[in-house]
Every structure is written in C-alpha cells, then in structure tokens.
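Read-outs throughout are calculated quantities, based only on the coordinates presented, and are distinct from any laboratory measurement. These figures come from a predicted structure and were not determined experimentally. FYI the Cβ positions are ideal-geometry reconstructions off the backbone, even for glycines, and counts take in every protein chain you see.
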Amino acid sequence: MADPADLPEIDLDVADIKRIALTTNPQGETLISFEMASGQVMNLVFSPAMLAKLEALLAKANEAQAQVSPIQ
C-alpha cells in the first residue's frame, strides 16, 4: 500500500445520492456502495477495524452536532 502522503487528495462533489448499499464479504470487509444521481457508483471497502473506527468517529460527530443543535 502506498504512503498516504504520496497519494493525491480526491474531492467529489455529490449533488444527490440515489441509493446506498452495505454488504460484507466472507473476509469481514464491508463494502459501502453509493449510486449517484448521475449513475456513477463509488465503492468504499473497509476492513472490520476501519469500519469500527469510522462508526466511532461518526458517533462522536453526531454527539458534537447534538450539543450544538439539540432537537427542539
């Protein structure tokens, strides 16, 4: 795997998401597949450890957002 410092950064403008699918393969990897309104598909593949890290980061972000904008 390449050193992240050597990889280009990719910015994707998402105007709409038609569908999101999550699947898990026998190796335990999770594939999150986004189908854009244009028909383009973007697949993200996560190892179990990276998916757990993503879930934890999203939970922290949700908690922080709830502190700023509580539900009325």
> Along the positive direction of the dipole of the chain (beta-carbon charges: Lys, Arg +1; Asp, Glu -1; about the Cα centre), which of A2, Q65, L44 reaches farthest?
Replying inline: Q65
> At q = 0.18, 0.21, 0.22 Å⁻¹, what log₁₀ I(q)/I(0) does a Debye calculation on the Cα points of the range 15-68 give, no solvent, two decimals?
Replying inline: -0.74, -0.86, -0.89
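Report the charge-dipole magnitude of the chain in Debye, nearest 20, computed about the Cα centre from +1 at each Lys and Arg Cβ and -1 at each Asp and Glu Cβ.
Working: 4 positive and 10 negative charges, 71 e Å.
Approximately 340 debye in magnitude.
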>> Springs between alpha-carbon pairs under 10 angstrom, Gaussian network model over the chain: which of L58, L31, L12 fluctuates most?
In response: L12
> From the phi of every residue in the range 43-53, what ³J(HN,Hα) in whole Hz does the Karplus formula 6.51 cos²θ - 1.76 cosθ + 1.60 yield, where θ is phi - 60° and glycine or proline is x?
Replying inline: 10, 10, 10, 10, 6, x, 5, 6, 5, 4, 5
> Simple spin-label model, 7 Å along Cα-to-Cβ: D11 to M36 in nm?
Replying inline: 1.4
